[in-house]
Amino acid sequence: MLSFFRRVVLTGAMIFIIAAKSISLDAQSAAPANQADSITVSIALDKDQFPVGQSPWVLVTMKNLTDHDLPFHFDTIRLHIEGGNGEPPTKLRQRIATGKLHPGEAPLMEDGNAEMFIPAGKPRIQKIDVSYFYDLTVPGKYSVYADVRDPMSRKWLRTKTVQFEILAQ
């Protein structure tokens with residue numbers, strides 16, 4: 001009986017040590033709070049009016065301020081849209097990005113093997129179909145901005161807000 005008790009205690013101690021090392025490694029890999037941003041971000045639309053049924057595409061530009069390539073993952077960009085009645089209805093991809101899933105919804109499988117980069121000293125322009133994230137079938141004026149997670153500082157950087165209009169046909 002005593003050897004069983006010792007095994008339980010030793011197992012618990014090993015789990016504690018492994019967990020403590022994991023927490024320590026996570027703390028070491030976290031960016032310091034005062035680390036400078038490694039990118040600048042901006043947003044643009046190619047036009048400012050779209051008929052109902054035609055989706056606006058936003059261009060999110062991330063300029064690398066460093067001398068080395070930076071990793072980029074699509075889930076590090078979050079779009080935010082407001083209309084005359086607040087946020088328009090969201091689609092599944094937006095609810096996944098914001099963690100606001102409806103009951104019964106599950107996150108989509110992602111391709112973890114896709115490696116993308118923001119080239120050293122250069123911009124990467126990501127073209128995003130807004131209709132993938134929001135239902136914009138109601139005519140009206142809208143505004144959009146993006147939050148982009150800086151690859152080095154891990155801070156969310158916000159773009160300016162741009163305006164567009166969905167026109168009735």
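The values are calculated or read from the model by the stated rules, or taken from the named source; none is laboratory data. A quick note: this is a predicted structure, and the numbers were derived from the prediction, not measured. Here the Cβ positions follow ideal geometry from the backbone for every residue, glycine too, while neighbour counts run over all protein chains shown.
Scanning the stretch 141-164 for residues that are surrounded by fewer than 15 Cβ atoms within 10 Å (Cβ to Cβ) and either outside any loop (DSSP other than H, G, I, E, B) or among the polar types (S, T, N, Q) (or both) gives LYS141, SER143, TRP156, ARG158, THR161, GLN163.
I'm trying to understand the selection: among the residues of the stretch 53-86, which are surrounded by fewer than 12 Cβ atoms within 10 Å (Cβ to Cβ) and closer than 17 Å to VAL144 by Cβ? Of everything in the stretch 53-86, those that are surrounded by fewer than 12 Cβ atoms within 10 Å (Cβ to Cβ) and closer than 17 Å to VAL144 by Cβ turn out to be GLY84, ASN85, GLY86.
Tallying residues that are at pLDDT 95 or above and in a loop (DSSP other than H, G, I, E, B) within the stretch 53-65 yields 2. For beta carbons closer than 7 Å, sequence separation of 6+ or different chains, a first residue in the stretch 78-93 that is basic (Lys, Arg) and a second that is assigned to a strand (DSSP E or B), the qualifying pairs are ARG78/ALA146; ARG78/ASP147; LYS91/TYR134. Whenever a residue of the stretch 96-107 is under 14 Å from PHE133 (Cα atoms), its partners that are part of a loop (DSSP other than H, G, I, E, B), lying with C-beta atoms within less than 6 angstrom and at least six residues away or across chains, give the pairs ILE96/PRO107. Going through (1) part of a helix (DSSP H, G or I); (2) under 22 Å from TRP156 (Cβ atoms) one by one, SER131 falls short only on (2).
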